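> This is the structure I want to talk about, given as structure tokens.
What follows is calculated from the coordinates using simple rules that are stated; it is not laboratory data. Fair warning: this is a prediction, and the values are worked out from it, not measured in the lab. When we count neighbours, we look across all protein chains shown, and the Cβ atoms used for this are built from the backbone with ideal geometry, even at glycine.
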Amino acid sequence: MATQTETQTTPPPTARAGWTRDQIAERLAADLEDGFFVNLGVGIPLAVPKYLPADKEVFLHAENGVLGLGPHPGPGKEDPDLTDAGKQPISLVSGASIVDSATSFAIIRGGHLDVTVLGALQVSQEADLANWYVPGRNPAVGGAMDLVAGTPEVWVCMEHVDRKGRSKVVTECTMPLTGRRCVTRVYTDLAVFHVRDGRLVLVECAPGVTPEQVRKSTEAAYDEDLAGEGA
């Protein structure tokens with residue numbers, strides 16, 4: 001039996017480079033502009049309300065009929081009739097509106113939103129989006145197809161690789177598409193990409209992440225503009 005001095009202890013884990021899921025949402029929220037009307041999809045996007053800049057007024061929309069969505073109201077203050085697209089409790093900002101489903105989708109289809117923020121399973125180098133169906137599981141279309149067709153800016157936030165370590169920023173989507181050439185920005189735990197002239201452009205690496213690490217973790221072809229030129 002090993003003595004106390006002989007027993008080896010496990011060293012503390014090394015700090016992980018890049019952003020956490022909440023930090024991805026925080027990084028994206030910093031880019032939302034004053035006066036924007038924004039729809040938030042399920043997953044990482046639902047954390048965005050916690051990080052909206054205090055000096056900007058951003059109006060959040062949920063396709064279940066809320067315009068003026070606020071953050072979680074706090075423990076014990078939840079209202080079962082007030083939820084976001086992921087059925088999480090929300091609050092309402094001053095002046096918020098509750099509308100029926102037809103009106104909510106008219107807002108989307110009529111081009112009245114500035115940005116849609118969605119999670120994704122895959123984004124291709126041609127800005128295609130796959131986010132609604134994993135083969136072998138129950139499909140969940142939701143409003144994503146309407147959103148990518150009716151909103152001029154589609155910002156994706158997701159982890160850069162899947163649970164098996166495979167890139168989710170791919171040459172070509174292998175999962176069923178939500179929309180073609182619809183993505184305009186991608187925020188992952190490793191990097192930020194903008195889409196310019198139909199091509200992905202790496203514009204920022206997450207803290208502790210090098211351009212070489214992003215390249216190694218990315219299947220898709222892309223350009224680099226880390227100096228911010230042409231943003």
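> Please name whichever of Ser104, Ala220, Phe37 sits farthest to the positive end of the charge dipole of the chain, dipole taken about the Cα centre and charges placed at Cβ: Lys and Arg +1, Asp and Glu -1.
Projecting each Cα onto the dipole axis, the largest value belongs to Ala220.
> Under 10 Å, Cα contacts only: if you run a Gaussian network model on the chain, which one of Gly68, Gly111, Gly76 comes out with the highest mean-square fluctuation?
Comparing Gly68, Gly111, Gly76 in the GNM, the peak value goes to Gly76.
> Now for a separate question. How much length, in nm to one decimal, is gained on full extension between Arg21 and Arg163, taken as 0.36 nm per residue of separation minus their Cα-Cα distance?
Value of the extension gain: 49.7 nm.
> When a/c is below 1.5 the answer is rounded, else prolate if a/b is larger than b/c, else oblate, so apply that to the range 21-224 with a ≥ b ≥ c taken from the square roots of the Cα gyration tensor eigenvalues. If you can, show how the numbers build up before the last one.
Values: a/c = 1.74, a/b = 1.52, b/c = 1.15.
Because a/c hits 1.5 or more and a/b exceeds b/c, the range 21-224 counts as prolate.
> Any idea what the relative contact order of the chain is, in percent, if you count C-alpha pairs under 8 Å spaced at least 6 apart?
Values: 489 pairs, mean separation 42.2, N = 231.
Relative contact order comes out at 18 percent.
> In the chain, with Lys and Arg counted as +1 and Asp and Glu as -1 at Cβ, which of these residues, Trp132, Pro89, Pro53, has the Cα nearest the positive end of the dipole, that is, farthest along it?
Trp132
> So which lysines pass the test for Lys50, namely a Cα distance under 22 Å, with those fewer than 8 places away in the same chain ruled out?
Within the straight-line limit of under 22 Å, Lys50 reaches these lysines: Lys77, Lys87.
> Figure the gain on full extension for Arg199 and Val141 (residue separation times 0.36 nm, minus the Cα-Cα span) and round it to one decimal in nm. Mind dumping the intermediate values first?
Numbers: separation 58, 0.36 × 58 = 20.88 nm, distance 2.62 nm.
That works out to 18.3 nm of additional length.
> Ignoring trypsin sites (Lys or Arg not before Pro) that are buried or in helix or strand per DSSP, and keeping those with at most 15 other beta carbon atoms within 10 Å, what is the longest stretch of the chain between them? List each step's numbers first, then the result.
Numbers: sites that count: Arg16, Lys56, Lys77, Lys87, Arg137, Arg163, Lys164, Arg166, Arg180, Arg181.
Longest stretch, sites excluded: 182-231.
> On to the next question. Run the reach check for Lys216 against lysines, Cα to Cα strictly under 21 Å, same-chain hits fewer than 8 apart removed. What comes back?
Lys164, Lys168
> Right, something else. Express in whole angstrom the spacing between the alpha-carbon centres of the range 139-172 and the range 72-89.
25 Å
> Turning to a different aspect of this structure: 5 Å is the cut-off here: which amide hydrogens, built 1.01 Å from N in the peptide plane, fall below it relative to Leu92, excluding neighbours closer than 5 in sequence?
Residues meeting the amide H criterion: Gly70.
> Might you report the magnitude of the Cβ-based charge dipole of the chain about its Cα centre, with Lys and Arg at +1 and Asp and Glu at -1, to the nearest 20 debye?
680 debye
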